[in-house]
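Data first, discussion second: the structure below is written as structure tokens.
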Amino acid sequence: MRLLHSLARTHASFDDPNLVSHSGLVPVMALAQRAGLAGLVAEHVRPGGECGVNAEVKVPCLVAGMAAGADSIDDMDLLRHGAMSTLFGGVRAPSTLGSHLRCYTWGNVSQLEKAGREFLVKLAGRAPLLPGAGTLAFIDIDSMQKRVYGHKKQGARFGHTKIQGKSLLVRGLNALAAVVSTPLSAPVIAATRLRGGNAASARGAASLAARAVGTARDAGCTGTIIVRLDSAFYNAAVIGAIRRGGARFSVTAPANASIRAAIAAIPDDAWTPIRYPGAIWDDQLGAWVSDAEAAETEYTAFASKKGQAVTARLVVRRVRDLNKQAAAGQDELFAVWRYHAVFTDSPFELVQAEEQHRDHAVVEQVFADVTSGPLAHMPSGVFAANAAWLSIAAIAHNLLRAAGALASLPFARARGATIRRDLIAVAARPARHGRGHLTLHLPDGWHREHEWLTLLHAACGPPAPAA
């Protein structure tokens with residue numbers, strides 16, 4: 001591709017007041033409006049101070065900015081250009097939005113989280129966010145250490161994180177999140193909580209799990225719910241909260257003495273080969289020949305804690321630990337295995353339960369998605385403001401998920417960056433005609449024209465009939 005005009009004769013001028021660069025915000029914010037975002041914020045969120053007023057106007061502004069790609073308070077200025085004032089009312093300046101966030105207390109953040117959970121329930125009623133939720137749904141809980149650089153940021157401490165497989169101490173804030181998904185859907189964020197950077201992973205996880213299970217039920221997850229966690233959340237309080245909510249758990253078990261003893265007691269003939277990459281099907285044996293095998297046994301956890309003992313399945317996967325010097329002729333004398341145990345009350349059979357637990361990594365995709373978008377920064381020095389920013393980022397993530405689900409099946413599972421690029425960051429020229437009618441003129445030949453118009457019709461067209 002090359003320019004058709006001489007470089008010296010190519011000019012530019014920012015002087016057209018009738019253009020917008022993010023016309024996809026029209027159907028996206030129409031969907032938010034129909035799901036009652038402003039009303040939920042007005043009902044639940046009441047920050048104090050002079051700048052805490054009109055939360056029902058300012059929070060949707062922040063959501064719109066994040067949906068368009070803003071990752072800092074200054075980036076909210078992208079809502080004020082060209083003909084945006086023709087399309088939207090109530091747009092506030094970035095300085096006003098920043099002052100509003102700094103008015104939040106921890107109680108206001110809890111109010112905002114409640115509004116976000118109810119908003120997710122409303123979105124699930126208007127878009128196919130969680131197909132198959134009536135049969136099976138998963139809740140994945142994990143934490144993320146978000147690095148910050150400002151030395152005056154409240155709550156910033158050194159905590160552990162993994163970078164390229166290595167555990168490092170990183171100065172930052174710790175975000176705890178619970179995401180809901182089904183085997184047919186991409187995950188949405190059901191609950192969030194911001195903690196100090198040195199917070200233990202399981203701190204506050206029991207109450208967060210209880211809220212996530214309740215939100216999933218309200219969003220239509222009426223079937224089996226399995227909450228998946230890693231070994232940092234292996235404690236009686238978290239598992240107890242999950243079971244009280246009527247859900248099942250699947251948590252990685254630490255390699256302590258009692259777990260190792262339980263694994264050692266598994267008989268040799270109880271191991272089942274897993275169809276791993278590289279596995280070979282043996283026609284004579286009628287089974288897979290693999291370097292990985294699975295088995296299970298009954299196990300009672302937390303037996304030393306009065307009234308908190310839990311008896312369930314201990315599903316164990318073992319992988320052959322190959323000798324690194326085998327290529328040099330140093331063959332192994334006997335097989336050596338690495339063991340990975342999962343403590344679960346899953347109703348599924350052995351291999352399926354073990355495979356489902358490994359899919360817990362889906363929560364890392366959500367962290368990567370929001371980190372490449374609104375959580376690229378923790379924009380404020382005030383801890384409560386950053387906690388509110390995290391909650392609003394979760395609302396924006398869920399809104400984009402709903403918009404993608406309404407646009408097309410591929411967009412229902414697309415990353416947020418893809419939805420922003422193809423459906424939101426589209427230039428348009430608004431034109432008024434008749435009594436209150438508005439037409440958006442978009443680029444001819446846009447490669448996502450069909451999906452864009454499908455989303456517009458779903459968000460702005462006649463309401464769908466009640467089920």
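The values are calculated or read from the model by the stated rules, or taken from the named source; none is laboratory data. Keep in mind the model is a prediction, meaning the values are calculated, not measured. Cβ coordinates were reconstructed from backbone atoms using ideal geometry, including for glycine residues, and neighbour counts include every protein chain displayed. Just so you know, the surface numbers come from the protein's heavy atoms only, side chains and all, with ligands and any DNA or RNA stripped out. Shrake-Rupley method; radii C 1.70, N 1.55, O 1.52, S 1.80 Å.
Annotations
- The charge dipole of the chain, taken about the Cα centre with unit charges on the Cβ atoms of Lys, Arg (+1) and Asp, Glu (-1), comes to about 1620 debye, rounded to the nearest 20.
- Farthest positive-ward along the chain dipole, Cα basis, beta-carbon charges - from Ala335, Pro379, Tyr299: Pro379
- Per DSSP, loop trypsin sites (Lys or Arg not before Pro) in region 377-467 with at most 12 further Cβ within 10 Å: Arg435
- Alpha-carbon centroids, region 408-467 and region 157-189: separation in whole Å: 32 Å
- Charged-residue dipole, Cβ positions (Lys, Arg, Asp, Glu), region 360-434 about Cα centre, Debye nearest 20: 340 debye
- Within the accessible area of the chain (1.4 Å probe), percent carbon and sulfur: 53 percent
- Folded to 0 to 90 degrees: helix 55-67 orientation relative to the chain principal axis, Cα: 70 degrees
- Built amide H within the under 5 Å cut-off of Arg195, gap 5+: Asn174, Ala175, Leu176
- Given Lys58/Lys153; Lys58/Lys152; Lys122/Lys306; Lys58/Lys122; Lys58/Lys146, the pairs whose alpha carbons are separated by over 29 Å: Lys122/Lys306
- In Hz, Karplus ³J(HN,Hα) per residue of region 203-208 (6.51, -1.76, 1.60; θ = phi - 60°; x = Gly, Pro): 5, x, 6, 5, 5, 5
- Solvent-accessible ranking of Tyr234, Tyr149, Tyr104, largest area first, probe 1.4 Å: Tyr149, Tyr234, Tyr104
- Shape category assigned to region 365-467 from the gyration tensor of Cα positions, a/c cut at 1.5: prolate
- Share antiparallel - DSSP beta bridges, the chain, percent rounded to 5: 85 percent
- Per residue accessible area in Å² of the chain, where ligands, DNA and RNA are left out and the probe is 1.4 Å: 50 Å²
- For the set Trp337, Trp452, Trp446, solvent exposure ranked by accessible area (probe 1.4 Å, protein chains only) runs largest to smallest as Trp446, Trp337, Trp452.
- For Thr272, the residues 5 or more places off, or on other chains, whose built amide H falls under 5 Å of its own are Ala294, Ala295.
- Low-density loop positions, GluC sites (Glu not before Pro), region 343-419 - DSSP coil, at most 11 other Cβ in 10 Å: Glu349
- Paramagnetic reach from Ala270 in region 299-314 [backbone N under 17 Å; point 7 Å along Cα→Cβ]: 299-301, 311-314
- Fully extended contour minus Cα-Cα distance, from Ala417 to Ala42, at 0.36 nm per residue: 132.1 nm
- FRET efficiency estimate (nearest 0.05) - Cβ-Cβ, Ala427 to Ala257, R0 51 angstrom: 0.20
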